Amino acid sequence: MPDPFIGRGEILGDLMTADERAVHLVRHLRGSPEALHFVDCVWYDRGGMTFLWQIDWTARLYRSIVELGEAIGDDEKVFRFLAVPEERKGLVVQKLARAPALADVARRRGWRFVKWAPLRAFASDPAAGLAELEPVLGLEPAAERSAHQLMFKW
């Protein structure tokens, strides 16, 4: 955890300011308040990009990708991410291969998959910015490969 945040708490909510906690997401995203309540984490910049993060320790893709993902409207500034543990990568790949309709929804809605270890490395680097996020995305992230172009593999 970056030095300025050490000792401020153990959950994301402890790091948020009162203003950040008071934000009504329905002003920034199209979707029902109920659906937005179930999004694990939202990074946003007023008038800019919005990153919706789902974090799941299982490979239950349907709830995040279909039920929740479909309840939040598409927008060119909304980016959807699903973080899964490294141990679930094979099962995620298998589910997407065996369920074309699920894979189609994931592609259509622009879901980006990320494994926990590369995401944790990105999140704990105080100098990291958006440019450093791209190499950690995917079930086979560029951060784990050398001399490869970033590709999203299902």
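Once the piece of chain linking Glu144 and Tyr44 is laid out straight, how much longer is it, given 0.36 nm per residue of separation minus the C-alpha distance between them?
33.3 nm
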- prompt: Taking amide H positions as placed 1.01 Å from N in the peptide plane, with prolines and chain starts having none, which residues 5 or more places from Glu140, or on another chain, fall under 5 Å of its amide H?
  reply: Lys153
query: Karplus couplings for segment 88-102 from phi (6.51 cos²θ - 1.76 cosθ + 1.60, θ = phi - 60°), rounded to Hz, Gly and Pro as x?
result: 9, 4, x, 5, 4, 4, 5, 5, 5, 6, 8, 10, x, 5, 5
message: Residue by residue through segment 60-74, what is 3J(HN,Hα) from phi via Karplus (6.51 cos²θ - 1.76 cosθ + 1.60, θ = phi - 60°)? Round to whole Hz and write x for glycine and proline.
response: 6, 7, 4, 4, 6, 6, 9, 4, 6, x, 6, 7, 10, x, 6
task: Over all alpha-carbon pairs of segment 39-96, lay out the pair-distance distribution in 5 Å bins, whole %, shortest bin first.
output: 4, 17, 28, 22, 15, 9, 3, 1
- prompt: For Gln54, which sequence-distant residues (separation of 5 or more, or a different chain) have an amide H within less than 5 Å of its own amide H, given hydrogens modelled in the peptide plane?
  reply: Phe81, Leu82, Ala83
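For Val66 and Thr17, FRET efficiency with R0 = 35 Å and r from the beta-carbon atoms, rounded to 0.05?
Numbers: r = 33 Å, r/R0 = 0.95.
Result of the calculation: an efficiency of 0.55.
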Calculated FRET efficiency for the pair Ser124/Ala101, C-beta based, R₀ 41 Å, to 0.05: 0.65
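Quick note: the coordinates plus some simple rules give every number you see, no bench work behind them. Note that the structure is a prediction, hence the values are computed from the model and not measured. Note that we place each Cβ from the backbone using ideal geometry, even for glycine, and neighbour counts take in every protein chain shown.
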